[in-house]
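Here is the structure we will look at, set down as structure tokens.
The values are calculated or read from the model by the stated rules, or taken from the named source; none is laboratory data. Predicted, not measured: the structure shown is a model, and the values here were computed from it. Cβ coordinates were reconstructed from backbone atoms using ideal geometry, including for glycine residues, and neighbour counts include every protein chain displayed.
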Amino acid sequence: MVAAQGLRMSIAGLLVGTLTVIPLVALVGDVLVGFGMTAAGSGMVVAVGAVLLAVTLISSLVPVSGAALVGPVNALKVG
């Protein structure tokens with residue numbers, strides 16, 4: 001449940017970010033041409049999105065796996 005919530009938020013952020021970066025790549029690409037550079041292509045956008053999704057998945061699963069090892073009685077004990 002917690003991992004699914006983290007994954008849903010990550011996918012929503014990636015969708016918003018991807019839709020935002022598409023027009024910005026064209027704008028920044030025109031500026032970078034003046035400096036002799038090129039803007040990142042769609043392959044770079046996909047690669048960065050995949051890395052961000054993997055990091056989000058790992059960061060969501062680590063606490064879940066740790067919590068799964070603790071028994072319910074031990075989790076409720078105070079002190």
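The condition of being out of contact with any Lys or Arg (no Cβ under 6 Å at 6 or more places or on another chain), free of Cβ contacts under 8 Å to residues at least 40 places away in the same chain and among the aliphatic types (A, V, I, L, M) does not hold for Ala3.
Pairing each residue of region 11-23 that is closer than 12 Å to Gly49 by Cα and at pLDDT below 90 with any residue that is assigned to a helix (DSSP H, G or I) and not hydrophobic (A, V, I, L, M, F, W, C), provided the two are 6+ apart or on different chains, yields C-beta distances under 8 Å for Leu14/Gly49; Gly17/Gly49; Thr18/Gly49. Might you check whether a residue that is surrounded by 11 or more Cβ atoms within 10 Å (Cβ to Cβ), of a type outside the set (D, E, K, R) and under 11 Å from the mean Cα position of the chain (by Cα) occurs anywhere in region 16-26? There is at least one residue in region 16-26 that is surrounded by 11 or more Cβ atoms within 10 Å (Cβ to Cβ), of a type outside the set (D, E, K, R) and under 11 Å from the mean Cα position of the chain (by Cα).
Applying a threshold of 6 Å to beta carbon distances and a minimum spacing of six or more residues, or different chains, the list of pairs starting in region 43-66 at a residue that is over 14 Å from Leu14 (Cα atoms) and ending at one that is part of a helix (DSSP H, G or I) reads Ser60/Ala3; Ser60/Gly6; Leu61/Ala3; Val64/Val2; Val64/Ala3.
In the set (1) loosely packed, with under 11 Cβ neighbours inside 10 Å; (2) at pLDDT below 80, the condition left unmet by Leu32 is number (1). Residue count for region 35-57, restricted to those that are aliphatic (A, V, I, L, M), over 15 Å from Gly17 (Cα atoms) and either loosely packed, with under 11 Cβ neighbours inside 10 Å or modelled with pLDDT under 85 (or both): 2.
Confirm whether Leu61 is surrounded by 10 or more Cβ atoms within 10 Å (Cβ to Cβ) and under 30 Å from Val2 (Cβ atoms). Step through it out loud before you land on a result.
Values: surrounded by 10 or more Cβ atoms within 10 Å (Cβ to Cβ): yes; under 30 Å from Val2 (Cβ atoms): yes.
Yes, satisfied.
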